[in-house]
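Taking it in order: structure first as structure tokens, then the write-up.
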Amino acid sequence: MARDLDQTILVAGHRGMVGSAIVRKLLALGYGRVITAARDELNLLDQKAVQDFFASQRIDQVYLAAAKVGGIHANNTYPAEFIYENLMIEANIIHAAHQSGVQKLLFLGSSCIYPKHAEQPMREDALLTGILEPTNEPYAIAKIAGIKLCESYNRQYDRDYRSVMPTNLYGPHDNYHPENSHVIPALLRRFHEATQRGDEEVVIWGSGKPMREFLHVDDMAAASVHVMELDSTTYQANTQPMLSHINVGTGEDCTIRELAETIAKVTGFNGRLTFDASKPDGTPRKLMDVSRLKALGWQASISLEDGLRNAFGWYVENVGQARTR
């Protein structure tokens, strides 16, 4: 598809990790009409406010990266907020986009849409073939609903609303909250603080044996724009009307022990790593099958160590320093 740099593109969730990366990528490509709306300017939970916003703009494309996100602790503690807010955000934006004539939209989901015991690596057609992981089921249900919203508007109104399902993401603008963060920001913070204190040991939950896949958010942004810009014939030839989403990942995983060792190297921690096997490991393995995306001409380019160095640099500059002032 020829790139029209004059198109007006809305990035919903531009202050989040993924949304901010998509904005950076679009601007780097030369798009000059990238619009955003901060939370105090537009409440995405307010249907009328969202409809009024779309009516007041001439939007050509939407990247729907806005979401309520968090780790296992947050998902377990606030299940009602996770299902309600994510359902409302995606329903309001997708419906308002349709009502105002927006033909192209990209919805960003999550790998947690797949069943807890999905065959590894997880293929797109594993969706709705088994029970979900209980700890984040409300969030996963909301993300599945987002896929089905896009499919339904495509089927009924011939819209071109696409969905991408990323693996575990990390990078600049990640959430470093001590309780509500995911594994990479949690470990980056813990190792950095241990190094500053001169600790001789860092204790990590679980056995260290589970395997996980991680994708730098700049790669995710590049993949998102790549999928959005595929011409309709190419995209539809690689998806199906009831199976319209595409996995985004590296296609490679590592153990939590290997991850922790790399983070220790990146943060300069020289002490012992101790794994507390009395704590839960979670799913033994979560790896995405990215063969469909690779066939569409895109694959990840940022190595885990390079990506972690980038994420750690951002953390030290934007979070770590603020905490020590």
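Points worth noting:
- Count of residues meeting criterion [of a type in the set (Val, Ile, Thr), assigned to a loop (DSSP other than H, G, I, E, B) and at pLDDT 95 or above] in segment 219-256: 1
- The strands (runs of 3 or more DSSP E) found entirely in segment 91-201 that carry 1 or more residues being without any contact (Cβ under 8 Å) to a residue 60 or more places away in the chain are 104-108.
- Residue list for segment 301-317, restricted to those being among the polar types (S, T, N, Q) and either part of a helix (DSSP H, G or I) or under 24 Å from ASN175 (Cβ atoms) (or both): SER303, ASN310
- Just so you know, in segment 283-300 the residues that are in a strand (DSSP E or B) and modelled with pLDDT under 95 include one that is surrounded by the fewest Cβ atoms within 10 Å (Cβ to Cβ), and it is ARG285.
- Tally, over segment 43-67, of residues that are assigned to a loop (DSSP other than H, G, I, E, B) and in contact (Cβ under 8 Å) with a residue 40 or more places away in the chain: 10
- Some residue of segment 16-31 being out of contact with any Pro (no Cβ under 7 Å at 6 or more places or on another chain), in contact (Cβ under 8 Å) with a residue 40 or more places away in the chain and in a loop (DSSP other than H, G, I, E, B): yes
- The set of residues in segment 65-92 being surrounded by fewer than 18 Cβ atoms within 10 Å (Cβ to Cβ) and either in contact with a His (Cβ under 8 Å, 6 or more places away or on another chain) or within 12 Å of GLU137 (Cα to Cα) (or both) consists of ILE72, ASN76, TYR78, PRO79, ALA80.
The values are calculated or read from the model by the stated rules, or taken from the named source; none is laboratory data. Everything numeric in this text was worked out from a predicted model, so none of it was measured. Note that each Cβ is placed from the backbone with ideal geometry, even for glycine, and that neighbours are counted across all protein chains shown.
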